[in-house]
Ligand code: AVI
């Protein structure tokens, strides 16, 4: 049996020899994650071009209820939600992780209809997605004032601090808050809170606890799209770091723990194998059935949401939810 991690590699993988310029942050994170026990890879690396497309497909799956449910909440309660933003004076409507803005356009249309004085500031890690969003907004909502920011959330918050004076309403939709590790959800809200003033507001999407089977199915769909989404991470490492993961020798596994309220997703090695990262001169060994943790997806109780807000210095002002109480968009004000 062979247990090699981080061993220098002598024979370059010919197939991927071309990888010269790799993202050093990706390389550092991947090596750190795959040389620790248990192994892990960050879910933030899911979203390359193919991963973003697969996520779009996930959002349309019959089993994946969060997107549909949040869409309905926004559609049915748009006027009330917009009213809570406070429409008497100018504000920046900042959206962290704007993506294709499909859900947000419901609120944007409503705000324009209510003659609100605001500027929309979409933030996303992907500059390409922002360009597409900007051009669709130009055609669909030409009266909208927009300035976007491409970068990670923390850089965006820093940029906002120095470039967008005045009142802010921050949107963090889609239950992205559930994808942090450990106390990352609290730390993230605390970080947002640091940049806010007493008159500012935050609207956050939370996936709520429900029948554990409903939750489990949402992350293990019959068509295998979520499996492809998870496995695409290995494809990305093959392409960007010259790795030689054989995708047939890894499988998607996911489970929901109703006590913890977390869906945990893994890529499991089906046999004992060694993967070579030719661009990094590293090899990583996997035991048979060894798992790489790839994602957490937290589900919340209303009490947990209030407590989370309180710890971050945010008071929950209103829960906007659906009739089955599957999902909640929660409006917080600064305490
Ligand atoms: C982006 N995020 C909120 C999704 C979720 O539900 O945790 C990502 C996802 N992973 C598998 N399916 C969807």
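Only one entry in 315, 264 is surrounded by fewer than 19 Cβ atoms within 10 Å (Cβ to Cβ) and within 16 Å of the ligand (Cβ to nearest atom), namely 264. Those helices (runs of 4 or more DSSP H) of segment 21-109 in which at least 2 residues are within 16 Å of the ligand (Cβ to nearest atom) and at pLDDT below 95, considering only elements entirely within it, cover 49-59.
Within segment 46-64, residues that are more than 16 Å from residue 237 (Cα to Cα) reach partners that are within 8 Å of the ligand (Cβ to nearest atom) and outside any helix (DSSP H, G or I) with beta carbons closer than 6 Å, at six or more positions or on different chains, in the pairs 58/64. Considered as a group, the residues in segment 199-212 that are within 16 Å of the ligand (Cβ to nearest atom) and either within 19 Å of the chain's Cα centre (by Cα) or outside any loop (DSSP other than H, G, I, E, B) (or both) include one that is surrounded by the fewest Cβ atoms within 10 Å (Cβ to Cβ), and that residue is 212. Examine segment 168-184 for a residue that is part of a loop (DSSP other than H, G, I, E, B), away from the ligand (no atom under 16 Å from the Cβ), in contact (Cβ under 8 Å) with a residue 12 or more places away in the chain and surrounded by fewer than 20 Cβ atoms within 10 Å (Cβ to Cβ), and state whether such a residue exists. No: segment 168-184 contains no residue that is part of a loop (DSSP other than H, G, I, E, B), away from the ligand (no atom under 16 Å from the Cβ), in contact (Cβ under 8 Å) with a residue 12 or more places away in the chain and surrounded by fewer than 20 Cβ atoms within 10 Å (Cβ to Cβ). Checked against the criterion of being touching a residue at least 60 places away in the same chain (Cβ under 8 Å), touching a helix residue (DSSP H, G or I) at 6+ places or on another chain (Cβ under 9 Å) and exposed (fewer than 14 other Cβ atoms within 10 Å of the Cβ), the candidates 218, 143, 223, 228 yield just one match: 223. Scanning segment 213-222 for residues that are part of a loop (DSSP other than H, G, I, E, B) and within 24 Å of residue 172 (Cβ to Cβ) returns a single hit, 219.
For segment 236-249, state whether one or more residues are over 29 Å from residue 73 (Cα atoms), within 16 Å of the ligand (Cβ to nearest atom) and touching a residue at least 24 places away in the same chain (Cβ under 8 Å). Yes, segment 236-249 contains at least one residue that is over 29 Å from residue 73 (Cα atoms), within 16 Å of the ligand (Cβ to nearest atom) and touching a residue at least 24 places away in the same chain (Cβ under 8 Å).
The values are calculated or read from the model by the stated rules, or taken from the named source; none is laboratory data. What you see is a predicted model, and the numbers here were worked out from it, not measured in a lab. Please note: Cβ atoms are built from the backbone with ideal geometry, for glycine as well, and neighbour counts cover all protein chains shown.
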